[in-house]
Amino acid sequence: AQATPTSKTGFSEEHQGAAMKLNIANPSTGLQKVFEIDDDKKLLPFYDKRMSSEVSGDSLGDEFKGYIFKISGGNDKQGFPMKQGILCNHRVRLLFKKGMSCFRERRKGCRKRKSVRGCVVGPDLATLSLVVSKKGDSDIPGLTDDQRPRRLGPKRASNIRKLFNLEKKDDVRNFVVRRELNEKKKKAPKIQRLVTPAMLQRKRYFRSQTRNRMVLGKKLKEDYTKRLTEYCQEQKEMRSAEVAKKKKEKKAN
């Protein structure tokens, strides 16, 4: 069979000429936009870079001048996702378990062997996900020129403090982002990791319970050691009395 011609990068020519979609997200505005890049030369700075690497966007065109993008992931032509930590530019089959990325546990304790794409960027990718790390000189329509507020606010107490720049003495409950369901009704999330007097009381109670158990355990151990010593002494006396009795009987006979 005739071998597929490969280029200097080690990929076949059919991969080299293929278009790639760039899914660019901008966390500061909450927007994202997909760009289709047909020219392979524009994508050369991204090749052989790993996930989480930062790449300049100057090669993509004048509108991206000054932008710096962070590679956050991608999919190959067959739809297999890139996985962080797999240092290759092809697919591998790995045994996945709960807690690993690219895998969702269907049954408790279940493991599964799946195909995933390595974290090194190459021309065989269909989609490359990027995040704007640094904004450039000009605005990109649909990405940096508008603001899309988050539908839901933060839920964790420390994140609410961080968002509103609060101090420890401020009451977090007054700053929760409430969502309007209708004219009369509003909905607020249940704050997680909120330190309340009831929680502190519960914590003190649990600690006192633990302390009481430790004191009781110590006392029971002392009592047991004391009783064990007494029992050993009693047994010793009984044995010595028995031996003395036997000796007396022998002499009598």
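See the values below:
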{"read-out": "Which listed residue, of Val120, Val172, Val132, Val116, is aliphatic (A, V, I, L, M) and more than 23 Å from the chain's Cα centre (by Cα)", "value": "Val172"}
{"read-out": "Number of the condition not met by Phe64 [criteria: (1) open to solvent by less than 50 Å² (accessible area, probe 1.4 Å); (2) closer than 23 Å to Gly118 by Cα]", "value": "(2)"}
{"read-out": "Within segment 155-173, considering residues that are at pLDDT 90 or above and not in a helix (DSSP H, G or I), the one farthest from Leu194 (Cα to Cα)", "value": "Asn165"}
{"read-out": "Odd one out for Leu152, checked against (1) within 23 Å of the chain's Cα centre (by Cα); (2) of a type in the set (A, V, I, L, M); (3) at pLDDT 90 or above; (4) under 28 Å from Thr196 (Cα atoms)", "value": "(3)"}
{"read-out": "Residues being open to solvent by 100 Å² or more (accessible area, probe 1.4 Å), basic (Lys, Arg) and in contact with a strand residue (DSSP E or B) (Cβ under 9 Å, 6 or more places away or on another chain) - total across segment 163-187", "value": "3"}
{"read-out": "Failed criterion for Ile160 (all others in (1) without any contact (Cβ under 8 Å) to a residue 24 or more places away in the chain; (2) surrounded by 12 or more Cβ atoms within 10 Å (Cβ to Cβ); (3) not basic (Lys, Arg) hold)", "value": "(1)"}
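The values are calculated or read from the model by the stated rules, or taken from the named source; none is laboratory data. Small disclaimer: the values here were computed from a predicted structure and weren't measured. For neighbour counting, all protein chains shown are included, and Cβ atoms are generated from backbone atoms with ideal geometry for every residue, glycine included. For accessibility, only protein heavy atoms count, side chains too; no ligands or nucleic acids. Shrake-Rupley method; radii C 1.70, N 1.55, O 1.52, S 1.80 Å.
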